[in-house]
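Everything below concerns the one structure shown next.
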């Protein structure tokens, strides 16, 4: 892996992790563009880049994290939100792996584009007082939307933010909850995937250590700017430009994967 490749992949992760544009889809497209054959090594590189943006989330949301850890009821909400991931990860793995093929990528990017655009056009009356029972229903829906985002092209943040908004959440609260939810999700997923790769002896460690360092630093520094911008968004209409971007990317990726690659 060259300096430029590791730097570019780190930058892509730093932007796409926080913007509602599917980081997994962008990393997949970049790898296909670079025509890399070291998929197993790139898995480890991806993990390092994800750790960079994970640290960014922890830094920016540290106050909310401390507050959640002090409230048992809030911890339960996070648990309920993660719950839908379990059956999707363990029982629907063959389905998600099949749908992760490059052929489907443009269609799921288009799905995310439509999801953001349609949500941005719907006016939802905000609910000031939400009962705890209602919150459980909300986070289960948010968790379900996060689960289907295991498929590349379906943005995790777009799915969780729009579903919370459609349930009457303020956009700023929906964004913060989405990123807080991502912390245990990414950590749990990284642990399970690392365990699987290690047990199958699929990691060969052929990438130079400097590439990991460059990717981590790039994803961390770029992520600091990305999360600052996305956390400043207060209205759902501000997400609409991402819908247009994904629409263009869906067309581009369809052409590239079917006629160029």
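The values are calculated or read from the model by the stated rules, or taken from the named source; none is laboratory data. Computed from a predicted model, the values in this text were never measured in an experiment. Cβ placement follows ideal geometry from the backbone for every residue including glycine, while neighbour counts extend to all protein chains displayed.
The table that follows gives values for the structure above.
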item: Enumerated helices (runs of 4 or more DSSP H) restricted to the stretch 1-117, each holding at least 3 residues that are surrounded by 17 or more Cβ atoms within 10 Å (Cβ to Cβ); result: 3-16, 23-34, 39-60, 72-82
item: Enumeration of residues in the stretch 208-224 that are surrounded by fewer than 20 Cβ atoms within 10 Å (Cβ to Cβ) and either modelled with pLDDT under 80 or under 20 Å from residue 161 (Cα atoms) (or both); result: 224
item: So residue 130, is it in contact with a helix residue (DSSP H, G or I) (Cβ under 8 Å, 6 or more places away or on another chain), part of a loop (DSSP other than H, G, I, E, B) and within 19 Å of residue 77 (Cβ to Cβ); result: yes
item: Any chance residue 227 is assigned to a helix (DSSP H, G or I), in contact with a helix residue (DSSP H, G or I) (Cβ under 7 Å, 6 or more places away or on another chain), surrounded by fewer than 21 Cβ atoms within 10 Å (Cβ to Cβ) and at pLDDT 90 or above; result: no
item: The stretch 87-98, residues that are without any contact (Cβ under 8 Å) to a residue 24 or more places away in the chain and either closer than 12 Å to residue 142 by Cα or within 17 Å of the chain's Cα centre (by Cα) (or both); result: 97
item: Conditions (1) in a helix (DSSP H, G or I); (2) farther than 28 Å from residue 8 by Cβ; (3) in contact (Cβ under 8 Å) with a residue 40 or more places away in the chain; number of the one not met by residue 244; result: (2)
item: Complete set of residues in the stretch 134-184 that are in a helix (DSSP H, G or I), under 10 Å from the mean Cα position of the chain (by Cα) and closer than 18 Å to residue 92 by Cα; result: 146, 156
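To keep it simple, each residue is scored yes or no on (1) under 22 Å from residue 100 (Cβ atoms); (2) at pLDDT below 95.
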residue: 21; (1), (2): yes, no
residue: 30; (1), (2): yes, yes
residue: 33; (1), (2): yes, yes
residue: 37; (1), (2): yes, yes
residue: 42; (1), (2): yes, yes
residue: 51; (1), (2): yes, yes
residue: 67; (1), (2): no, yes
residue: 70; (1), (2): no, yes
residue: 73; (1), (2): no, yes
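Condition check ((1) in contact with a helix residue (DSSP H, G or I) (Cβ under 6 Å, 6 or more places away or on another chain); (2) touching a residue at least 24 places away in the same chain (Cβ under 8 Å)) across all residues:
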site: 134; (1), (2): no, no
site: 157; (1), (2): yes, yes
site: 169; (1), (2): no, yes
site: 193; (1), (2): no, yes
site: 196; (1), (2): no, no
